[in-house]
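The values are calculated or read from the model by the stated rules, or taken from the named source; none is laboratory data. Please read these numbers as outputs of a predicted model, since none were measured by experiment. Neighbour counts are summed over all protein chains in view; Cβ atoms, including those assigned to glycine, are modelled from backbone coordinates with ideal geometry. With ligands, DNA and RNA removed, areas are computed over all heavy atoms of the protein, side chains included. Shrake-Rupley method; radii C 1.70, N 1.55, O 1.52, S 1.80 Å.
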Amino acid sequence: MGGVVASAPGKLILFGEHFVVKGYRAIATSISLRARVRVEDTSGSWVELHSPTLGVKSRIPLDLSRSAGGELDVYVEILRALRKEGFSIVPHRVVVESEMPVAAGLGSSAATSVAYTLAYTTLLGSPLYGENLLRVSFEGERVAHGRPSGIDTTIAALGGTILYRRGEKPAPVSARIPEGYVFLVADTGLKRSTRDVVDYVLRVAEMMGEAGEQVYAVADKVVEKAVKALESGDMELLGNLMYFNHGLLVAVGASNLALDTIVDIARMRGALGAKLTGAGWGGCAVILARRGDVEVLRGELERHARMVKVINVNVPGATVENILSK
Ligand code: MEV
């Protein structure tokens, strides 16, 4: 085998981001934007890493004794985790590309971790899937941001739509989005570190004491109702729950002016629901709209967002796309 191309989907957290970090439930769905990783055999004595998406290149020795620097350290951590599981570290070149904006709440880093783990283990002839794929890729995410709940990696590996609680097996949600309704993502174009927002929100929650705990408990109730709305295809209820969930995220300090503007415009222009998605302080908002309203809505939102896109949700998880012969 000369090489392998694997891909994994990005994700939208539909409900419960941040609250999930403290053990409450969240709902995530996979999206039609993917990260794609090509891994090729080389004759050198290095692991060569190249991410055109991030504009970075590095190489690390096969004994993994040196870090790659910055974002590429994720790959070193994954290789260390694989070595612990008995995989050998052979010279290879890694090229990573993502259809998602990075650091925008769509799970680009988790999707690349998962796609890389699948591509490399396939190259070695023992592809990891499901729980095993998840476990190893998660080591990479730990480097990307300090206290990941694991939701991003889970959806990238498994795909579909899931109800997620930290430390528990994810439960599939049979989401039914009736014809005529679509999700859009609007990217504020503002980059932020997930780790910083997560730390800030945890501090706010702690400062609020019992009031903070009650907000978390309410968010959990919203998730419960949202599962029912998704499974019964009740888009009006689903949309209102999204606005409600956004309000709770504002309360704990995860939003900002750019995101609130998008959510307010969506509401004024008749969208059924909108909220920030992912960590907040920038990145993306998700909007639920009637298909017939999309053009007007998009025109309006494009004045305030760097990118507005209609996306498909509930797509398949990590997959090997291509085996390259020598
Ligand atoms: C980031 O996509 C979602 C957060 O809930 C953090 C996490 O779950 O690890 C903010």
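If you check residue 65 against the conditions, is it open to solvent by 30 Å² or more (accessible area, probe 1.4 Å), among the small types (Gly, Ala, Ser) and more than 21 Å from the chain's Cα centre (by Cα)? Talk me through it step by step, then tell me what you get.
Values: open to solvent by 30 Å² or more (accessible area, probe 1.4 Å): yes; among the small types (Gly, Ala, Ser): yes; more than 21 Å from the chain's Cα centre (by Cα): yes.
It is true that residue 65 is open to solvent by 30 Å² or more (accessible area, probe 1.4 Å), among the small types (Gly, Ala, Ser) and more than 21 Å from the chain's Cα centre (by Cα).
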- Of the residues in the stretch 14-47, how many are part of a strand (DSSP E or B), open to solvent by 10 Å² or more (accessible area, probe 1.4 Å) and within 27 Å of residue 275 (Cβ to Cβ)? 3
- Restricting attention to the stretch 169-183, does a residue exist that is at pLDDT 95 or above and either hydroxyl-bearing (Ser, Thr, Tyr) or within 16 Å of residue 77 (Cα to Cα) (or both)? yes
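Let's see how each residue does on (1) of a type in the set (S, T, N, Q); (2) assigned to a helix (DSSP H, G or I):
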residue: 65; (1), (2): yes, no
residue: 71; (1), (2): no, yes
residue: 75; (1), (2): no, yes
residue: 86; (1), (2): no, no
residue: 100; (1), (2): no, no
residue: 103; (1), (2): no, no
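Can you name the residue in the stretch 3-13 that is closer than 30 Å to residue 324 by Cβ and open to solvent by less than 10 Å² (accessible area, probe 1.4 Å) and is also nearest to the ligand (Cβ to nearest atom) among such residues? Spell out how you get there, then give the answer.
Of the residues in the stretch 3-13, the ones closer than 30 Å to residue 324 by Cβ are 3-11.
From what's left, open to solvent by less than 10 Å² (accessible area, probe 1.4 Å): 3-4, 6-11.
Details: 3: 30, 4: 27, 6: 21, 7: 19, 8: 15, 9: 14, 10: 10, 11: 8 Å.
If we take residues in the stretch 3-13 being closer than 30 Å to residue 324 by Cβ and open to solvent by less than 10 Å² (accessible area, probe 1.4 Å), then 11 is nearest to the ligand (Cβ to nearest atom).
Of the residues 51, 45, which is modelled with pLDDT under 95, more than 16 Å from the ligand (Cβ to nearest atom), out of contact with any helix residue (DSSP H, G or I) (no Cβ under 9 Å at 6 or more places or on another chain) and not hydrophobic (A, V, I, L, M, F, W, C)? Steps first, please.
Working: 51 fails: out of contact with any helix residue (DSSP H, G or I) (no Cβ under 9 Å at 6 or more places or on another chain).
On inspection, the qualifying residue turns out to be 45.
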- Taking the stretch 305-319 on its own, how many of its residues are crowded, with 17+ Cβ neighbours inside 10 Å and touching a helix residue (DSSP H, G or I) at 6+ places or on another chain (Cβ under 8 Å)? 4
- Query: Say we look at the stretch 249-279 and pick out the residues that are assigned to a helix (DSSP H, G or I), within 16 Å of the ligand (Cβ to nearest atom) and open to solvent by 20 Å² or more (accessible area, probe 1.4 Å); which of these is farthest from residue 298 (Cα to Cα)?
  - Reply: 251
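Taking the stated definitions as given, is residue 227 among the β-branched types (Val, Ile, Thr), within 16 Å of the ligand (Cβ to nearest atom) and touching a residue at least 24 places away in the same chain (Cβ under 8 Å)? I'd like the intermediate steps shown before the answer.
Numbers: among the β-branched types (Val, Ile, Thr): yes; within 16 Å of the ligand (Cβ to nearest atom): no; touching a residue at least 24 places away in the same chain (Cβ under 8 Å): yes.
So residue 227 does not fit the description; no.
Give the stretch 48-62 a look and list any residue that's open to solvent by less than 20 Å² (accessible area, probe 1.4 Å) and either assigned to a loop (DSSP other than H, G, I, E, B) or hydroxyl-bearing (Ser, Thr, Tyr) (or both), or say none.
Looking only at the stretch 48-62, we keep the residues that are open to solvent by less than 20 Å² (accessible area, probe 1.4 Å), and these are 49, 51, 60.
Result: 51, single match.
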